[in-house]
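The values are calculated or read from the model by the stated rules, or taken from the named source; none is laboratory data. The shown structure was predicted, so the numbers you read here are calculated from the model rather than taken from an experiment. With ideal geometry, Cβ positions are generated from the backbone for all residues, glycine too; neighbour counts draw on all protein chains shown. Surface areas here come from the heavy atoms of the whole protein model, side chains and all, with no ligands, DNA or RNA. Shrake-Rupley method; radii C 1.70, N 1.55, O 1.52, S 1.80 Å.
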Amino acid sequence: MAVLISSFYFFYFALIGVHIIFIPKILSEVGYDPLQIGIIFASAPLVRFALPFLFLKGFRLDQKTFFTALLLMGLSAVGFYPTLEHFWPLLLVNISFGIGIALILPYIEVIALEHIGRERYGRIRLFGSLGFIAVSLVLVKFLSTPYVGISFLIAMALITLIYGALIGRTQHGTTSSECGEKDDLCLFSIREHIPLWIGFFLMQVSFGPFYNFFTIYTTDHGISLETTVWLWSFGVIAEILMFYFQGPLLRGNLQKILVITAFITALRWMIVALFPDTTTLLFAAQSLHAFSFALFHTAAIAMLFELYHARRLSQQFFFGISYGLGGFIGAIGAGALYQYTPKWLFVGGAIAALGAAVAFKIARKRTDA
């Protein structure tokens, strides 16, 4: 199982790498303005936010739903090719793509934590980081036309579909730690932990400038596309090292880790805002990805895994509220900032990350009280 999950992570995050690093640049090259790019990249997160609420009304993230999501992801990736230069069809395709990837990852994350545990999770999850960095370094050498990038997107989606299907088949007839839907312990609510969920939301809002405009931002400030890809890759290398060695850190207080990683993220965005054309400092900022993504992500999903009995649903809401609603607001806000006040792009991200740190601090105080 570990080999299958590792392979899935490799190609899933290679797919995410193509989508995050190259598609915004590709859209810019074919004529989309920053606000249009922001709208396109905000659409899928908005749907991701809405999806978990359907599962409160009787839908279940079971094997059938998982296979449907895999198929939707694959078909949507293929749909990028004919719709690339047409805003509204592309928007619809990107929404469908977002639905697919939003349902797939929570299903796999619970399987990984069940079979591997939180201390060993990072050593499996780092294969996703390797996939992210590998595809970025390869694609930058071959990105001669926008449609080359779309072809890479389709290839990664289809391979992800295959590995996801192999993992999904192994779950037929197996027992999950997810409790039954009639179990009172499975009643899910965010009300008792509102500051925690606000922190998750704001943390992802802070990534809006980075995920949607970092490539455009750096190249607009005189950094070459190849150097920008190395900046992305360096951040992922730092992420991989953290995933590998973070096990002992996760034995400590997970809420304290959330506070620290949010403060570090605010510092990271301020460095990018103040020194957009200084390569050395940009690499220094990217090294902090080890904390602002790798350590934060594992601490967040491990905490929810222990906090809620409805584990798949809690993971869905984590991705929905953070990467979904937070990603939506982050993308829209980043698009507006970059179009009208570009100097404030990453300052806005820093303010959001600082807000997340405050929210996590409040959540920790409530827990300790």
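General remarks:
- Unique residue being among the hydroxyl-bearing types (S, T, Y) and either part of a loop (DSSP other than H, G, I, E, B) or more than 30 Å from I124 (Cβ to Cβ) (or both) when the list is T261, T298, T265, T280: T280
- So L130, is it out of contact with any Pro (no Cβ under 7 Å at 6 or more places or on another chain), touching a residue at least 12 places away in the same chain (Cβ under 8 Å), open to solvent by less than 30 Å² (accessible area, probe 1.4 Å) and not polar (S, T, N, Q): no
- Qualifying residue in the range 41-63 (condition: surrounded by 19 or more Cβ atoms within 10 Å (Cβ to Cβ) and in a loop (DSSP other than H, G, I, E, B)): yes
- Test for L90: is it touching a residue at least 24 places away in the same chain (Cβ under 8 Å), farther than 27 Å from Y340 by Cβ and not in a loop (DSSP other than H, G, I, E, B): no
Conditions tested, residue by residue: (1) within 30 Å of Y340 (Cβ to Cβ); (2) surrounded by 21 or more Cβ atoms within 10 Å (Cβ to Cβ); (3) in contact (Cβ under 8 Å) with a residue 60 or more places away in the chain.
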{"residue": "H221", "(1), (2), (3)": "yes, no, no"}
{"residue": "T227", "(1), (2), (3)": "yes, no, no"}
{"residue": "I237", "(1), (2), (3)": "no, no, yes"}
{"residue": "L241", "(1), (2), (3)": "no, no, no"}
{"residue": "Q246", "(1), (2), (3)": "no, yes, yes"}
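- Criterion (open to solvent by 10 Å² or more (accessible area, probe 1.4 Å), in contact (Cβ under 8 Å) with a residue 60 or more places away in the chain, closer than 29 Å to Q36 by Cβ and not small (G, A, S)) met by exactly one of F275, F305, F346, F328: F328
- Test: L196 is open to solvent by 10 Å² or more (accessible area, probe 1.4 Å), farther than 21 Å from A331 by Cβ and in a helix (DSSP H, G or I): no
- Selection from the range 187-232 of residues that are β-branched (V, I, T) and closer than 25 Å to L46 by Cβ: I190, I194, I198, V205, T215, I216
- Residue among A353, A290, A334 that alone is in contact with a Leu (Cβ under 8 Å, 6 or more places away or on another chain), surrounded by fewer than 24 Cβ atoms within 10 Å (Cβ to Cβ) and either assigned to a helix (DSSP H, G or I) or without any contact (Cβ under 8 Å) to a residue 60 or more places away in the chain (or both): A290
- Odd one out for I116 among (1) of a type in the set (V, I, T); (2) modelled with pLDDT under 90; (3) closer than 16 Å to L15 by Cα: (3)
- Entry remark, the range 1-26: residues being farther than 21 Å from F293 by Cα and either open to solvent by 30 Å² or more (accessible area, probe 1.4 Å) or at pLDDT 95 or above (or both) number 5 in total.
- Residue within the range 93-103 that is outside any helix (DSSP H, G or I), closer than 29 Å to P209 by Cβ, in contact (Cβ under 8 Å) with a residue 12 or more places away in the chain and open to solvent by less than 60 Å² (accessible area, probe 1.4 Å) present: no
- Close pairs (7 angstrom Cβ cut-off, 6 or more residues apart or separate chains): in contact (Cβ under 8 Å) with a residue 60 or more places away in the chain and in a helix (DSSP H, G or I) in the range 4-17, open to solvent by less than 10 Å² (accessible area, probe 1.4 Å) and hydroxyl-bearing (S, T, Y) anywhere: F8/T160; F11/T160; Y12/T160; F13/S129; L15/T160; G17/S136
- Among residues of the range 146-164 being farther than 16 Å from P24 by Cβ and without any contact (Cβ under 8 Å) to a residue 40 or more places away in the chain, the one that is most open to solvent (accessible area, probe 1.4 Å) is I162.
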